[in-house]
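Let me begin by presenting the structure, written as structure tokens, before commenting on it.
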Amino acid sequence: MEMARTRIPCIIPDCAFSVILLDDYKSFLDYAKKHGKKTSQEDAVRGYYSTKARSALLKILSDHLTVRWLGLDATKVDNLFIIVHLPEAKHWILAQVDRKESLVTIYDSIRLKHDKYQRHRNALSAHLPRIIYMMNQDAGKIQKFKILDGKDVPRQGPTNDCGVFVVKFVESIIFGRAVSDISQDKMSEYRKGIGYSLLEFCEGNR
């Protein structure tokens, strides 16, 4: 995970985060059916994470949303960029979370129908706020995030370039560039640029 030194201060959890979040969301739904009907959502969430195993899982999720060396976490920045893998579709998408606006914006280069990944959308809009609430219970009540599709999102061709699109979506948004400028025709150029950046990072951290 990284704190991007860009126009938009943000945290980018690693790719495992969305998988863990989805599994925890499913588990919470089962718990809420049995225990959450007569309590507030906040009490239900606190009760859910009161067991030792779930408390440990909450720590894992919280660690994904924390950059300790900068003293920052998801309660202290407005933007999160969550890379989401959709295994059924063999596809990657980007979810930009704007905490200030309680909004999740989806950037999807093939524009899947929502029902193809509805549980992922629900986990981001309903369960992610619960995790952030547990990281700072003084923040008040849990507020569900609205979820929208990004505007002017370019479409990929019949290729396997969705991962590159996700990288370029993040780069464009945090540097204030238009995502509509991303082009399938420049994929080779983008891949080389990403490769060079990785090599430079490795060289600088030897």
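The values are calculated or read from the model by the stated rules, or taken from the named source; none is laboratory data. These numbers come from a predicted model, not from an experiment. Quick reminder, even Gly has a Cβ in these numbers, built from the backbone with ideal geometry, and neighbours come from all protein chains shown. Only protein heavy atoms, including side chains, enter the accessible area calculation; ligands, DNA and RNA are left aside. Shrake-Rupley method; radii C 1.70, N 1.55, O 1.52, S 1.80 Å.
Across region 121-206, counting alpha-carbon atoms alone, Rg and Dmax equal 17.6, 48 Å. Heavy-atom surface analysis with a 1.4 Å probe gives region 139-204 a carbon and sulfur content of 53 percent of its accessible area. Between LYS186 and ASN160, the distance separating the two model label sites (each 7 Å from Cα on the Cα→Cβ line) works out to 2.4 nm. Per residue, region 131-206 exposes 67 Å² of solvent-accessible protein surface, assessed with a 1.4 angstrom probe and all protein chains in place. Residue by residue, region 23-33 carries 3J(HN,Hα) couplings of 4, 5, 4, 4, 5, 5, 4, 5, 5, 5, 4 Hz when phi is fed to the Karplus relation 6.51 cos²θ - 1.76 cosθ + 1.60 (θ = phi - 60°); x denotes Gly or Pro. For ASP73, the residues whose amide H sits under 5 Å from its own are VAL67, ignoring neighbours fewer than 5 places away on the same chain, with H placed 1.01 Å from N.
Using 1/(1 + (r/R0)^6) with R0 = 25 angstrom and r between the beta carbons of LYS144 and GLN118, what's the FRET efficiency to the nearest 0.05?
Details: r = 15 Å, r/R0 = 0.59.
It comes to 0.95.
Counting only other residues whose beta carbon sits under 13 Å from that of ASP98, what net charge do I get with K and R as +1, D and E as -1? Working shown, then result.
On the way: positive: ARG99, LYS100, LYS146; negative: ASP78, GLU101.
Around ASP98, the surrounding residues sum to +1.
Shape descriptor for region 30-84: Rg over Rh equals 1.07 (Cα atoms; Rh from the Kirkwood inverse mean 1/r).
Roughly what angle does helix 162-174 make with the longest principal axis of the chain, taking Cα atoms, 0 to 90 degrees, to the nearest 10? It works out to around 80 degrees. Max-minus-min Cα coordinates of the chain on each principal axis give 55, 40, 28 Å, with the largest extent listed first. Orientation-averaged projection of region 1-120 equals 8.8 nm² [convex hull of Cα atoms, one quarter of hull surface area]. Once Rg and the Kirkwood radius are both taken over the C-alpha atoms of region 57-144, their ratio Rg/Rh works out to 0.98. Roughly how many whole Å is it from the C-alpha centroid of region 27-77 to that of region 159-196? Between the Cα centres of region 27-77 and region 159-196 lies a distance of 33 Å.
Along region 55-63 the Karplus relation, 6.51 cos²θ - 1.76 cosθ + 1.60 evaluated at θ = phi - 60°, assigns HN-Hα couplings of 5, 5, 5, 4, 4, 4, 4, 5, 4 Hz to successive residues, with x for each Gly and Pro. Seen from every direction in turn and averaged, the convex hull around the alpha carbons of region 111-154 projects onto 3.8 nm².
Please report, in debye to the nearest 20, how large the charge dipole of the chain is about its Cα centre when each Lys and Arg carries +1 at its beta carbon and each Asp and Glu carries -1 there.
On the way: 33 positive and 25 negative charges, 149 e Å.
Here the size comes out at about 720 debye.
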